[in-house]
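Have a look at the structure below, then the notes.
The values are calculated or read from the model by the stated rules, or taken from the named source; none is laboratory data. Just so it is clear, the structure is predicted and the values come from calculations on it, not from any experiment. When we count neighbours, we look across all protein chains shown, and the Cβ atoms used for this are built from the backbone with ideal geometry, even at glycine. What goes into the accessible areas is simple: the full protein's heavy atoms, side chains included, and nothing from ligands, DNA or RNA. Shrake-Rupley method; radii C 1.70, N 1.55, O 1.52, S 1.80 Å.
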Amino acid sequence: MTQVDKERNATQSGKVIYTARTHTTGGRENGTSRSSDGRLDVKLSLPGSARIGTNPEQLFAAGWSACFESAIGLAARKRRIALPSELAIDAEVDLHMGDDGYFLSGRLSVSLPGIAREVARTLVDEAHQLCPYSKATRGNIDVAINLV
C-alpha cells in the first residue's frame, strides 16, 4: 500500500462500488488514454491546439457535470420531486497558471426549468453535498454552482 493509499484509507472508509482504470501515454500534449474495459479511448491534446483530441479539463467537466446531475436526481427522489427532462448542466473548468504553478477552478451552471427557484436551489445545494466530484473539489479549488 502506498502512502497516498494509507492517507486516503485513514480519512475515508466505505465499500468500493466501482474503480475506473485507465492507461495513459504521451500526456496532454500528444497522448492517448484508454480505459481497461475499452469504453473510453481518447486522444489528448493541449487546450486550444490544432491537434485532434480532448484535454483533461474537458474530461473533468464532463464527469463532474454528469455526476452532479445524478446527485440532483438523488436529492429530487428523496423529496419526491419530478425533474424536468430539460434538466441541463453547463460545466466550465479553468486551467490557471499562478505563482505556484498550474491550478484549476470550476463552475457549474444548472438549469432546472419548471422547478420553483427556491426548490431548485435546495436541490442544487444538496447535490453539491452528495456529488463525489463536488466533495473532491471542496476546499481544493474555487467552485461556483449557479442556478440559471
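Numbers at a glance
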| quantity | calculated |
| --- | --- |
| Backbone HN-Hα couplings from phi across the stretch 47-52 [Karplus 6.51/-1.76/1.60, Hz, Gly and Pro as x] | x, x, 7, 7, 5, 6 |
| Radius 13 Å from Cβ of TYR102, net charge of other residues (Lys, Arg +1; Asp, Glu -1) | -3 |
| Net charge over other residues, Cβ less than 10 angstrom from the Cβ of SER35 (K, R count +1; D, E count -1) | +1 |
| Built amide H within the under 5 Å cut-off of LEU147, gap 5+ | VAL110 |
| Antiparallel bridges, percent of DSSP beta bridges restricted to the chain (to nearest 5) | 70 percent |
| Percent RCO, i.e. relative contact order, over the chain, from Cα pairs under 8 Å lying at least 6 residues apart | 17 percent |
| Placed amide H near ALA88: partners under 5 Å, 5+ positions off or other chain | SER111 |
| Cα centroid separation - the stretch 24-42 against the stretch 76-137, whole Å | 27 Å |
| Whole-percent carbon and sulfur share, accessible surface of the chain, 1.4 Å | 51 percent |
| Per residue accessible area of the stretch 7-148, 1.4 Å probe, in Å² | 67 Å² |
| The chain: radius of gyration and largest Cα-Cα distance (Dmax), Å | 17.5, 49 |
| 5 Å-binned pair-distance histogram of the stretch 86-148 (Cα, whole percent) | 4, 16, 25, 24, 14, 9, 5, 3, 1 |
| Projected label distance in nm at ARG80 and ASP37, using a 7 Å step from Cα toward the beta-carbon | 3.4 nm |
| Rg followed by Dmax, in Å, when the stretch 20-98 is reduced to its Cα trace | 16.2, 47 |
| Under 13 Å, Cβ to Cβ, from TYR18 - net charge with Lys/Arg +1 and Asp/Glu -1 | +2 |
| Mean Cβ count within 10 Å, highest first, over the residues of peptides 127-133, 96-102 | 127-133, 96-102 |
| Residue-averaged 222 nm ellipticity for the chain, from DSSP H runs of 4+ at -39500 (n - 2.57), nearest 500 | -11500 deg cm²/dmol |
| The chain - charge dipole about Cα centre, Lys and Arg +1 at Cβ, Asp and Glu -1, debye rounded to 20 | 640 debye |
| Two-site FRET efficiency, LEU95 against THR19, from Cβ-Cβ distance with R₀ of 35 Å, rounded to 0.05 | 0.85 |
